[in-house]
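Presented below is the structure to which this report refers.
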Amino acid sequence: MSPAKVLAALTATFVAVLGVAVPARPSVAAPAVRVIPISYRAHDGLLRKAYLILPAWYGPTFHPAIPLVISPHGRGVGAHANIRRWGRLPAAGGFAVINPEGQGRALTLFSWGDPGEIRDLARMPEIAEHALRWLHVDRHRVYAFGGSMGGQETLLLVARFPHLLAGSAAFDAPTNMAARYRAFVHQPLGPGLQRLARTEIGGTPTTDPRGYALRSPLDWARRIAFSEVPLQIWWSTRDRTVTDEREESGLLYHLIKKLNPNAPVTEFVGDWAHTTEMKSHGYLPYALSRYGLMPPRPGPPPVGRFLL
């Protein structure tokens, strides 16, 4: 008998005589979520990707109606990077998230609220269901959550397609593209960002003011104020990317309330770094819980140095 067989026989005898169980090799924990890449045609006919995050239990054999969060990505970071913000939250809350690659007028990663891109965002429930025939989106529970440029596009989605959304949250969003263009010059790679803005929008704020207004949530404040879409506006006093947040997201909040004191908008102001609050280990679970997408948390938001 080989040494391996002798060892196995002795182990079996030992267990049988003493009733001692040999511990099994620890199994690798199953993933809580899975990410499914899908393709779609953007407004200009180009083929683009979107990444759908689903709870691991959701699939072809079990697919009840599920809430969907549309999550446009930030400036220059791409849809795949946006996935990391969500962690295991879709499994914990029982919802799906779609992260579209997007496409602006001329650029992909710098769409900056292009009207065609906003139309594409509004199509995401249909795009997801067309790509995965077994997916069943709960059309009464479609939301939009985005940070930075994604927050800008979330606000424009609220303004232009309010019937689509049951709730929304914009984190550290630019709201005035003309002001952003001027502010770029004071940031690293500023001249390059200005060139990208001219390419994407079609000129400067002086040569194409309407193009910049179409992409600026401040210019859509009245539509947002009367959209009846619940909205969270999160912004930081120490943002080093959108450096004048008080005159961007802060100003938008106050303008909405001035236009419609009953607008369902809530402002959250802190001193975090740019969009770090929109993470699974940050304030994203709290923001989701306000729409019933995560278990409710008692008391005020779990943050430090929080200003209201």
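Values in this text are rule-based calculations from the coordinates and carry no lab data. Just so we're clear, the structure is a prediction, and the values are computed from it rather than from any experiment.
By the rule of a C-alpha distance below 13 Å, with chain neighbours fewer than 8 residues away ignored, the aspartates and glutamates paired with K257 are E228, E267.
Using the Kirkwood formula on the Cα atoms of the chain, what hydrodynamic radius do you get, in angstrom to one decimal?
Values: mean 1/r = 0.0480 Å⁻¹.
Across the chain, the inverse of the average 1/r is 20.8 Å.
Any chance you could give the angle, 0 to 90 degrees and rounded to 10, that helix 190-201 forms with the longest Cα principal axis of the chain? Once rounded, one gets 80 degrees.
Report the semi-axes of the equivalent ellipsoid for the range 57-156 in whole Å, largest first, where each axis is √(5λ) for an eigenvalue λ of the Cα gyration tensor. Before the final figure, lay out each step's value.
Values: eigenvalues 114, 42, 25 Å².
They are 24, 14, 11 Å, listed from largest to smallest.
Phi angles of the range 182-187 translate, via the Karplus equation with coefficients 6.51, -1.76, 1.60 and θ = phi - 60°, into HN-Hα couplings of 5, 6, 4, 4, 8, 10 Hz per residue; Gly and Pro are given as x. Amide H neighbours of A106 under 5 Å, at least 5 residues apart or on other chains, H built in the peptide plane: list them. The answer is none.
At q = 0.16, 0.19, 0.28 Å⁻¹, what log₁₀ I(q)/I(0) does the range 74-117 have when each alpha carbon counts as one equal point scatterer in the Debye sum? For the requested q values the scattering log ratios are -0.49, -0.62, -0.93.
Partner aspartates and glutamates whose Cα lies under 14 Å from the Cα of K279, excluding those fewer than 8 positions away in the same chain, are identified as D172.
Alpha-carbon geometry of the range 120-278: the Rg and the Dmax are 16.2, 49 Å, given in that order. Calculated mean residue ellipticity at 222 nm for the chain: -9000 deg cm²/dmol, from DSSP H runs with n ≥ 4 weighted as -39500 (n - 2.57), summed, divided by the residue count and rounded to 500. Listed by chain and number, the aspartates and glutamates placed with their C-alpha closer than 14 angstrom to that of K49 are E101, E117, D120; residues fewer than eight positions away on the same chain are left out. Rounded to the nearest 10 degrees, the inclination of helix 3-18 to the longest alpha-carbon principal axis of the chain is 90 degrees.
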